[in-house]
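I have placed the structure first, in the form of structure tokens, so that the comments after it can refer back to it.
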Ligand SMILES: NC(=O)c1ccc[n+]([C@@H]2O[C@H](COP(=O)([O-])OP(=O)(O)OC[C@H]3O[C@@H](n4cnc5c(N)ncnc54)[C@H](OP(=O)(O)O)[C@@H]3O)[C@@H](O)[C@H]2O)c1
């Protein structure tokens, strides 16, 4: 399959390296990373160890083929710019798969691409960008993907098969929008709390005050989801959030890393979007507002 992975950072480079075996795959990313990959290949260390010889460019203008699949792996604040750039190279037959976190990516993509061509996915793999040309795979996870309208299609079947063949354990989601919401609710507490209190994920279960805070955030975020018609329960989401805290207890969340590295965070696409949706339905958004303001002040 002809694949463009747009956003050669942590997760895009990992998926790109794995998909480059047996596919015509190309990474689109920033110049230092692309130059290093062109020179020495892409080195993945940690849970996966490989040196991938993968095509890489800093702009879609240098891509010479038409993609069957475009995988979007930029941070949510870059989604719209990325899709506008990618539009130059995609055709009516290209499927666009968002593997990003946040509640506004699909909306941003669908402004520029017919939503029939858009598939959403969620992955629990963990990775970080260690240096140009190098990625650390910190946690092996699973991936689910599905059509926005929940229909079973050959596109999803083909991509699920393709990912599994590349060693990316993937299943079809029965309701991918619900899965995107589920991940956003988990991230709505873990990400800002760890970034504000500058702690590992595990602190959120070790410190009773932070654990209580996590519970309050989860409750408010679930109420907002329910108001928007998303059938998720507080007890289930709280149990899942606590499970992620336990399984990633030594990790530093991506939001904390962004704050430390003085980079933009995805707060607007997670807690910010929760506030926007909550206000629409007159559901209290006070806790999410405190979190957004605290992160922005950092
Ligand atoms: N990392 C994980 O473990 C993980 C796991 C699950 C889901 N996710 C989600 O996956 C998405 C990507 O996360 P990530 O951690 O992989 O982010 P990341 O490391 O920041 O990767 C995104 C890369 O795309 C580059 N980029 C952005 N716009 C571009 C453009 N127009 N042209 C070329 N390159 C561009 C960025 O460069 P600059 O930084 O210079 O802008 C960055 O190198 C996020 O939504 C995240 O929440 C991540």
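Brief remarks on what is shown
- Checking the stated criteria, residue 138 turns out to be in contact (Cβ under 8 Å) with a residue 60 or more places away in the chain, within 16 Å of the ligand (Cβ to nearest atom) and either surrounded by 21 or more Cβ atoms within 10 Å (Cβ to Cβ) or assigned by TED's automatic domain parsing to the domain that holds residue 91 (or both).
- For the stretch 154-161, the criterion of being within 27 Å of residue 41 (Cα to Cα) and either more than 19 Å from the chain's Cα centre (by Cα) or at pLDDT below 95 (or both) is met by at least one residue.
Yes or no, residue by residue, for (1) out of contact with any helix residue (DSSP H, G or I) (no Cβ under 6 Å at 6 or more places or on another chain); (2) outside the structural domain of residue 18 (by TED's automatic domain parsing); (3) within 15 Å of the ligand (Cβ to nearest atom):
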{"site": "46", "(1), (2), (3)": "yes, no, yes"}
{"site": "62", "(1), (2), (3)": "yes, no, yes"}
{"site": "80", "(1), (2), (3)": "no, no, yes"}
{"site": "111", "(1), (2), (3)": "yes, no, no"}
{"site": "157", "(1), (2), (3)": "yes, no, no"}
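- On the stretch given as the stretch 113-135, residues that are assigned to a loop (DSSP other than H, G, I, E, B), in contact with a strand residue (DSSP E or B) (Cβ under 8 Å, 6 or more places away or on another chain) and away from the ligand (no atom under 15 Å from the Cβ) total 1.
- Taking each residue of the stretch 1-18 that is without any contact (Cβ under 8 Å) to a residue 60 or more places away in the chain and under 12 Å from residue 51 (Cα atoms) and looking for partners that are near the ligand (Cβ under 8 Å from one of its atoms) and not in a helix (DSSP H, G or I) with beta-carbon atoms closer than 8 Å, six or more apart or interchain, yields 16/8.
- Residue identified as surrounded by 15 or more Cβ atoms within 10 Å (Cβ to Cβ), touching a residue at least 24 places away in the same chain (Cβ under 8 Å) and out of contact with any strand residue (DSSP E or B) (no Cβ under 9 Å at 6 or more places or on another chain) among 88, 75: 75
- Residue list for the stretch 145-155, filter: out of contact with any helix residue (DSSP H, G or I) (no Cβ under 8 Å at 6 or more places or on another chain) and closer than 18 Å to residue 5 by Cα: 155
- Flag if residue 281 is surrounded by 13 or more Cβ atoms within 10 Å (Cβ to Cβ) and away from the ligand (no atom under 15 Å from the Cβ): yes
- Only listed residue being modelled with pLDDT of 95 or more, assigned to a loop (DSSP other than H, G, I, E, B) and outside the structural domain of residue 126 (by TED's automatic domain parsing), chosen from 201, 226: 201
- Residue pairs meeting the criteria (Cβ under 7 Å; at least 6 apart or on separate chains; first under 15 Å from residue 190 (Cα atoms), in the stretch 254-268; second at pLDDT below 95 and more than 8 Å from the ligand (Cβ to nearest atom)): 259/298
- Top-ranked residue in the stretch 61-72 [being in contact (Cβ under 8 Å) with a residue 60 or more places away in the chain and surrounded by fewer than 21 Cβ atoms within 10 Å (Cβ to Cβ); ranked as farthest from residue 121 (Cα to Cα)]: 65
- Looking at 21, 87, 31, 75, just one residue is within 14 Å of the ligand (Cβ to nearest atom) and either within 19 Å of the chain's Cα centre (by Cα) or modelled with pLDDT under 95 (or both), and that residue is 75.
- Matching residues in the stretch 19-53 - criterion: being within 23 Å of residue 155 (Cβ to Cβ) and either surrounded by fewer than 19 Cβ atoms within 10 Å (Cβ to Cβ) or free of Cβ contacts under 8 Å to residues at least 60 places away in the same chain (or both): 20, 21, 22, 23, 24, 25, 26, 27, 28
- For residue 147, the criteria (1) within 16 Å of the ligand (Cβ to nearest atom); (2) buried (at least 17 other Cβ atoms within 10 Å of the Cβ) hold in every case but one, which is (1).
- Residues (within 23 Å of the chain's Cα centre (by Cα) and more than 16 Å from residue 251 (Cα to Cα)) located in the stretch 189-214: 214
The values are calculated or read from the model by the stated rules, or taken from the named source; none is laboratory data. Quick caveat, the model's predicted, so the values are computed rather than measured. No Cβ is skipped: glycine too gets one built from the backbone with ideal geometry, and neighbour counts run over all protein chains shown.
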